[in-house]
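**Student:** One structure follows; several queries about it will come next.
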Amino acid sequence: MSCRAMALSFTAPHFAASLQQQQQPASNRLFTQLKLSANPNPILRNLSVSSKPCVCSLATAAPTVAEKESSQASQVEVSSSPSCANAKGNGLSYHIITMGCQMNVADSERMAGQLEAQGYQLAPTPDDCSLLILNTCSIRDRAEQKVYGALGRNKIRKYEDPNFRIVVSGCVAQQEGNTLLRRVPEVDLVMGPQHVGRLTELLEQVELGSQVCALEPFYIEEDITRPRRDSTVTAWVNIIYGCNEGCTYCVVPGTRGKEQSRLPDAIRNEMLALGEAGYKEVTLLGQNIDAYGRDLGLLDNENFSKQRWTLADLLLYVHDVPGIERIRFVTSHPKYFTEKLIKTCKELPKVCEYFNIPFQSGDNEILKEMKRGYTREKYLNMIQMIRHYMPDASITADAIVGFPGESEEQFCNTLSLMEDVKFDAVNTAAYSPRPRTPAAVWENQVADLVKEDRLHRINRLVTEHALERSQRYLGRVEKILVEAKNPRPGKEDQVRGRTGGNKVTFFKGAAELIGSLVNVKITDATSASLRGELVS
Ligand code: SF4
């Protein structure tokens, strides 16, 4: 027995694995059982049984911003903002540390919404909360190490505060599962991304004394949770979960499961509520958003006939939602990006001239090894098509360097594709072998030093192109949706917003402008942002 185990006497009952069956409405298309493996945790279960009050009230969205604008491969940590003055007012407080992509940011908002509906309040820091959630990302190895580092720092608190709970959600949770519980037995709940909407229910299991591991494939029911959105101006709306692709470097299909599109009416209803609540911009979210609808089959439409839905159809369907002035969507897969989609975007004035379409590599051999399902030529044709219909559109992407077997020449093909396109921004990453992905065990791994060098070179080109693309705005008057005050010290007289092309723009203006679409003359451009002057 470890010292820790000896220090804590075990009093909780031993829980056998249980199978909890969800009572789902008949209208659900798919029924999946959720398996909760309620592990007996001899170290901690004596600490976990508590009779906390359950305060059922509606969550209210707090007006703070912790928004992350990056694609799925980026790794900036986003923490919930410290907006609550009395985080420990009723003894229930939470803090969420979010790593990774927009999907995780949206999932964190959904979890925060559920917790606030239960009376939890947002704690300013991880040290102040009674419930800590690490919403994790496993795209890169470093992110995984970060999770274990954070657990190492926080698990000690279990011994000082018997009511302190630790939850690990997101892709590392799905990937590591019971291994994570064995490695860090102080964790109370490990839940995969498909279970985000069931957080409070799973926490109830924890309070009964179980150590819970929710990882089974699960049909994401129409989301009755109400997110605690971090912005009052812009909102994420999930339209499709999961991924059916099998890129050889990626953990997502294993962690987020198969594609599940939400029904068009559910999406429209969520957007109607957002419009009524004063939100001005919606970003539709999906791992492969342009694959939307292919799992829905034929649905009845208002003309009483059957319809197959695509992203283009959905954009047409939600475009007239009152109050919503801008619509974006991320992330597109080159395989599913159609002429119909781009023509629809051109025709609909609320759809922003902004596309995020990862290319990953500019070399056909590498693309084949990655199992991306398109060629360099196909990708470039698609870009040409976008520029034909929407010449000023901003195009961003993701790229990986140092994929197994990538030669210098193949890497140069990636750079030459970038020269051909001139992206507004590219999220770059050095290839990092991920557990249980095919490419991780290939023998032709590229040396770290070579990867570092390539990353450095590609980033130089990204910045060069981004600056060039930013400079096209100089002297123009752009419509800017104002999102927040400039958070930088000394810049309190400025506000921050974005162009339709998603370029962050700063200008002098009062906080009252937040939520408005205003005209700004662009006077200065860097690779990352624009500056300008408000014009009447
Ligand atoms: S398309 Fe490929 S890279 Fe993107 S989430 Fe799916 S498997 Fe991963």
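**Student:** In the set G149, G100, G119, G91, which member is surrounded by fewer than 19 Cβ atoms within 10 Å (Cβ to Cβ) and within 30 Å of A430 (Cβ to Cβ)?
**Tutor:** Values: G100 fails: surrounded by fewer than 19 Cβ atoms within 10 Å (Cβ to Cβ); G119 fails: within 30 Å of A430 (Cβ to Cβ); G91 fails: within 30 Å of A430 (Cβ to Cβ).
From the options G149, G100, G119, G91, the qualifying one is G149.
**Student:** Could you list, in sequence order, all residues of segment 430-439 that are within 19 Å of A399 (Cβ to Cβ) and not in a loop (DSSP other than H, G, I, E, B)? First the steps, then the outcome.
**Tutor:** Here is the first cut: in segment 430-439, the ones within 19 Å of A399 (Cβ to Cβ) are 430-434, 437, 439.
Across segment 430-439, the qualifying residues are A430, A439.
**Student:** Turning to a different aspect of this structure: Just to be sure I understand, how many residues within segment 404-425 are touching a strand residue (DSSP E or B) at 6+ places or on another chain (Cβ under 9 Å) and without any contact (Cβ under 8 Å) to a residue 40 or more places away in the chain?
**Tutor:** 0
**Student:** Look at I133 and say whether it is buried (at least 19 other Cβ atoms within 10 Å of the Cβ), not assigned by TED's automatic domain parsing to the domain that holds T428 and not in a loop (DSSP other than H, G, I, E, B).
**Tutor:** Numbers: buried (at least 19 other Cβ atoms within 10 Å of the Cβ): yes; not assigned by TED's automatic domain parsing to the domain that holds T428: yes; not in a loop (DSSP other than H, G, I, E, B): yes.
Answer is yes for this residue.
**Student:** Criterion first (out of contact with any helix residue (DSSP H, G or I) (no Cβ under 7 Å at 6 or more places or on another chain) and among the aliphatic types (A, V, I, L, M)) does L272 satisfy it? Can you show your working first?
**Tutor:** Numbers: out of contact with any helix residue (DSSP H, G or I) (no Cβ under 7 Å at 6 or more places or on another chain): yes; among the aliphatic types (A, V, I, L, M): yes.
Taking the combined requirement at face value, the residue satisfies it.
**Student:** Let me ask another. So, R182, is that one surrounded by fewer than 19 Cβ atoms within 10 Å (Cβ to Cβ) and either under 26 Å from N154 (Cα atoms) or in contact with a strand residue (DSSP E or B) (Cβ under 7 Å, 6 or more places away or on another chain) (or both) or not?
**Tutor:** Working: surrounded by fewer than 19 Cβ atoms within 10 Å (Cβ to Cβ): yes; either under 26 Å from N154 (Cα atoms) or in contact with a strand residue (DSSP E or B) (Cβ under 7 Å, 6 or more places away or on another chain) (or both): yes.
Taking the combined requirement at face value, the residue satisfies it.
**Student:** Using the structure shown, decide if V252 is touching a Cys at 6+ places or on another chain (Cβ under 9 Å), of a type in the set (A, V, I, L, M, F, W, C) and not assigned by TED's automatic domain parsing to the domain that holds L513. Before the answer, list the steps.
**Tutor:** Numbers: touching a Cys at 6+ places or on another chain (Cβ under 9 Å): yes; of a type in the set (A, V, I, L, M, F, W, C): yes; not assigned by TED's automatic domain parsing to the domain that holds L513: yes.
Yes, satisfied.
Here is a yes/no grid of residues against (1) over 19 Å from the mean Cα position of the chain (by Cα); (2) surrounded by fewer than 22 Cβ atoms within 10 Å (Cβ to Cβ); (3) within 16 Å of the ligand (Cβ to nearest atom); (4) free of Cβ contacts under 8 Å to residues at least 24 places away in the same chain:
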{"residue": "L189", "(1), (2), (3), (4)": "yes, no, no, no"}
{"residue": "P193", "(1), (2), (3), (4)": "no, no, yes, no"}
{"residue": "L208", "(1), (2), (3), (4)": "yes, yes, no, no"}
{"residue": "E216", "(1), (2), (3), (4)": "yes, yes, no, no"}
{"residue": "R226", "(1), (2), (3), (4)": "no, yes, no, no"}
{"residue": "T232", "(1), (2), (3), (4)": "no, yes, no, no"}
{"residue": "W236", "(1), (2), (3), (4)": "no, no, no, no"}
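**Student:** Separate question: If P334 passes every condition in (1) in contact with a Leu (Cβ under 9 Å, 6 or more places away or on another chain); (2) more than 13 Å from A393 (Cβ to Cβ) but one, which one does it miss?
**Tutor:** Looking at each condition in turn, P334 falls short on (1).
The values are calculated or read from the model by the stated rules, or taken from the named source; none is laboratory data. All figures in this text were calculated on a predicted structure; none of them were measured in a lab. Ideal geometry is used to build each Cβ from the backbone, glycine not excepted, and the neighbour counts take in all protein chains shown.
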